[in-house]
Amino acid sequence: ASGRTEAHRRLTVQRLLKARNRILNAPFDGNDLDSLAAAARYSKSHFLRSFRDVFGCTPHDLVIQTRMERAKQLMAHSDLAICEIAASVGYESRFAFARSFKKRVGVTATRFRQELPDVA
């Protein structure tokens, strides 16, 4: 984190961690930019820039990443249909989920599930 002093840098990271933890602890809640910036007590533009500098991704990227990790866990440990998994991780459209999953994971959700090792 940038800042003039070590104390200022620590405070910046603490404030950003508050917003990051909101995403990680409740990735399906309405974590919009306004509420996250308010939680960190920054303007939206400063929050977004600082978050990306400290964590290497935007808050939106972290939300999507967290949802995809949850979707992969559900595919590995449940018999839910892909469309049910999509809905359970916050997607209203299974097509939007399919596009996002393939973009983030590199394979389709169906292929990901097929390639899971059998646990018999």
Can you confirm whether the stretch 47-56 contains a residue that is within 17 Å of the chain's Cα centre (by Cα), more than 26 Å from His8 (Cβ to Cβ) and at pLDDT below 95?
-> no
Kindly indicate which of Glu92, Glu84 is over 13 Å from the mean Cα position of the chain (by Cα), acidic (Asp, Glu), surrounded by fewer than 19 Cβ atoms within 10 Å (Cβ to Cβ) and in a loop (DSSP other than H, G, I, E, B).
-> Glu92
Breaking point among (1) open to solvent by 30 Å² or more (accessible area, probe 1.4 Å); (2) within 30 Å of Phe97 (Cβ to Cβ); (3) of a type in the set (Gly, Ala, Ser), for Ala7 | (2)
Looking at Leu116, Leu48, which is the one that is open to solvent by 40 Å² or more (accessible area, probe 1.4 Å) and part of a loop (DSSP other than H, G, I, E, B)?
-> Leu116
What do you reckon, is Lys72 open to solvent by 100 Å² or more (accessible area, probe 1.4 Å) and in a helix (DSSP H, G or I)?
-> no
How do the pairs read when you match residues in the stretch 23-37 that are in contact (Cβ under 8 Å) with a residue 40 or more places away in the chain with residues anywhere that are in a loop (DSSP other than H, G, I, E, B) and among the polar types (S, T, N, Q), using Cβ under 8 Å and keeping only pairs 6 or more apart or on different chains?
-> Ile23/Asn31
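The values are calculated or read from the model by the stated rules, or taken from the named source; none is laboratory data. If you're wondering where the values come from, they're calculated on a predicted model, not measured in any experiment. When we count neighbours, we look across all protein chains shown, and the Cβ atoms used for this are built from the backbone with ideal geometry, even at glycine. These area figures cover heavy atoms from the full protein model, side chains too; ligands, DNA and RNA do not enter into them. Shrake-Rupley method; radii C 1.70, N 1.55, O 1.52, S 1.80 Å.
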